[in-house]
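Just so it is clear, none of the values below were taken in a lab; they were calculated from the coordinates. The structure displayed is predicted, hence computed values, not measured ones. Ideal geometry is used to build each Cβ from the backbone, glycine not excepted, and the neighbour counts take in all protein chains shown.
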Amino acid sequence: MGLLSKVARSTADAIVPPLCLNCRKPLGSHDALCAACWRQLRFIRAPLCDRLGIPLPFDPSPYASGGPIVSAGALANPPDWDRARAVAQFGPVIRDMIHAFKYSDRHDARTLFGRWLADTGAGMLCDADLLIPVPLHRWRLISRKFNQAVLLTQEVSGLTGVPADPFVLQRVKATPTQVGLTEAERRHNLSGAFKVAPAARARIAGRNLVLIDDVVTTGSTAGACARVLKRAGAARVDVLALALVTDDSRIGR
Ligand SMILES: [Zn+2]
């Protein structure tokens, strides 16, 4: 940290007392959550499905060989990516934190989100070659001013040293909102929405990629991205997100 940013930081500490990133209750340190908000987060821990990243309701360890566990759902309907990991199941606290991060200029959760992603994705980041944010179409980028996935990717890159490349994947079709669509409709809606920049093909051929987004809802967006990256020659495409909507985390959205 340079001298100027140190000065800026201590000035900020003096002016803005540390607050819980969710409920704004005063705290002892910056970039943290209060105990009450922390308890409401449903962090995803083992046992979980290696392909979908969903928590599994049982501990299969006495039966498993110690290798990765794959859920029946992933075996029946395999995703287009290799592995997915998310920090938490989608729920009120993580939803509000992501909403504040996405739609306001409040980026104070950024540091905490970066640390969470780096921890959660440690197993896929250790031999990853490139981090790729899920892109926004430029019209949406204009209305929102920044792509939250790019900011998250930069944080993870800074913590892990794995390079980030926001120019590999392009969103070439502005897709209407996915809310309320069936799986088939989402897939149709997204077909042709993403492409790999021709100049970037050589950078991803034979490489292990980690695709980063804030929320994985049905997986159709991440799946569409993974398909074009694989088609362009990527060796492995893993997905890393802050929140994952699971069957028991749907809260009426
Ligand atoms: Zn709080």
**Request:** Assign one of three labels to the range 185-227, namely rounded, prolate or oblate, based on the Cα gyration tensor with a ≥ b ≥ c the square roots of its eigenvalues; rounded applies when a/c is under 1.5, prolate when it is not and a/b is larger than b/c, and oblate otherwise.
**Result:** oblate
**Asked** At a Förster radius of 25 Å, what calculated FRET efficiency corresponds to the Cβ-Cβ distance of Asp108 and Ala36, to the nearest 0.05?
**Response** 0.85
**Request:** Indicate the gyration tensor shape class of the range 49-249 (rounded, prolate or oblate), computed on the Cα atoms with a ≥ b ≥ c the square roots of the eigenvalues: a/c under 1.5 is rounded; otherwise a/b larger than b/c is prolate and the rest oblate.
**Result:** rounded
**Asked** What spacing in nm lies between the two simple spin-label points modelled at Ala76 and Ala235, each 7 Å away from Cα in the Cβ direction?
**Response** 3.4 nm
**Request:** Please sort 157-169, 38-50 by packing, taking for each peptide the average over its residues of neighbouring beta carbons within 10 angstrom, highest first.
**Result:** 157-169, 38-50
**Request:** Kindly rank 183-192, 85-94 from highest to lowest mean number of other beta carbons found within 10 Å of each residue.
**Result:** 85-94, 183-192
**Fill in**
In whole Hz, the Karplus estimates of ³J(HN,Hα) for the range 194-209 (6.51, -1.76, 1.60; θ = phi - 60°; x where Gly or Pro) are 10, 8, 8, 4, x, 5, 9, 4, 5, 6, 10, 4, x, 9, 8, 10
**Fill in**
Taking Val196, Val210 and counting other beta carbon atoms within 10 angstrom, the fewest-first order is Val196, Val210
**Request:** Please list, or write none, the aspartates and glutamates whose alpha carbon is within less than 15 Å of the alpha carbon of Lys230, excluding same-chain residues fewer than 8 places away.
**Result:** Asp80, Asp82, Asp129, Asp238
**Item:** Cut-off under 5 Å, modelled amide H: who pairs with Phe194 long-range
**Value:** Val172
**Asked** Put a dot 7 Å past each Cα toward the Cβ at Leu27 and Cys126; how far apart are the dots in nm?
**Response** 2.8 nm
